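The block underneath contains the structure these notes are about, expressed in C-alpha cells.
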Amino acid sequence: MAANSSTVSKPSNNTGGKQSGPSAEQVGLYNEAFCNFVQSNVVAAFQRMRSEQRSMASKAAELEMEINEHSLVIETLKDVDPTRKCFRLVGGVLVERTVKEVLPALGSNKEQISKIVESLNTQMQIKGRELTEYREKYNIRLVGEGEEGQGKSAASSNAGEGGRSKGGAGVLVS
C-alpha cells in the first residue's frame, strides 16, 4: 500500500494543475492574430505607397496643364508690342507690367515647371519600381488582376513547393 501512495504522488507532480505553456489552440489563435496584424500593416503600407504615387501623378498632370497655359500665353504675347501694358498674377496680386518684362519671366517659369515635372516623373518611376518589389515580396494581388492567369500561377507555385499551397501567404487588395 505504501508503494501505491508513492506512485499516485508522482503523476500529480508531473501534471501539477497548470500547464507549463499555452495550448496548441492558444498558439494557433496567437499566430492567426499576429498574421492578421502583419497583413493589415502590409496592406496599409501598400495603400500608402499607391496613394503617394497617385498624388505625384496628379501633381504632374496639374503642372503639365500649367506648362500648356504658359506656352499659350507666350505664343500670344510674342506678336504683341513689347511696350504694351499687361497684367500678371503674382502670389494672388495682379501687377501691371510690360510685355517685354513678362515674357522672360514666363519663359523662366515654364522651364522651372518643366524641370519639376521631369523630377516628378522620375520619382513616379522609382515609386512604381518600389511598389512592384513590395507586391512581389508580400505576394500582393489586386482585385480583378490576373484572374485568368491565377489558375496557372497557383499550379506552378504548388509544383515549385512540392505540392504545398501558399493559401494565406498572399494579400488581396481592393
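The values are calculated or read from the model by the stated rules, or taken from the named source; none is laboratory data. The shown structure was predicted, so the numbers you read here are calculated from the model rather than taken from an experiment. For neighbour counting, all protein chains shown are included, and Cβ atoms are generated from backbone atoms with ideal geometry for every residue, glycine included. Areas reflect the complete protein model, heavy atoms only, side chains present, ligands, DNA and RNA absent. Shrake-Rupley method; radii C 1.70, N 1.55, O 1.52, S 1.80 Å.
Give me the net charge of residue 67's neighbourhood, meaning all other residues with Cβ under 15 Å from the Cβ of residue 67; Lys, Arg count +1, Asp, Glu -1. Mind dumping the intermediate values first?
Details: positive: 59, 110, 115; negative: 62, 64, 66, 69, 75, 111, 118.
Value of the local net charge: -4.
Under 5 Å from the amide H of residue 173 lie the amide H atoms of 141, 142, 143, each residue being 5 or more positions distant or on a separate chain, with H modelled from the backbone and absent for Pro and chain starts.
Give me the percent of the accessible area of segment 70-113 that comes from carbon and sulfur atoms, probe 1.4 Å, all protein chains in place.
Details: 1780 of 3170 Å².
Carbon plus sulfur share of accessible area: 56 percent.
Between residue 67 and residue 41, what is the FRET efficiency for a Förster distance of 41 Å, r being their Cβ-Cβ separation, to the nearest 0.05? Walk me through the numbers on the way to the answer.
Details: r = 39 Å, r/R0 = 0.95.
About 0.55, to the nearest 0.05.
For segment 24-29, backbone phi angles converted through the Karplus equation (6.51, -1.76, 1.60; θ = phi - 60°) give residue-by-residue couplings of 4, 5, 5, 4, x, 5 Hz, Gly and Pro being listed as x. On a per residue basis, segment 10-126 carries 74 Å² of accessible surface, using protein heavy atoms and a 1.4 Å probe.
In the assembled protein chains, residue 30 presents an accessible area of approximately 140 Å² (probe radius 1.4 Å).
The phi torsions of segment 101-115, fed into the Karplus equation with coefficients 6.51, -1.76 and 1.60 and a -60° offset, translate into couplings of 7, 7, 4, x, 5, 5, x, 5, 4, 4, 5, 5, 5, 4, 5 Hz, rounded to whole numbers, with Gly and Pro shown as x. When 52, 25 are compared by accessible area of protein heavy atoms, the largest-first order is 25, 52, using a 1.4 Å probe. Between the beta carbons of residue 75 and residue 123, assuming R0 = 25 Å, the FRET efficiency works out to 0.25 to the nearest 0.05.
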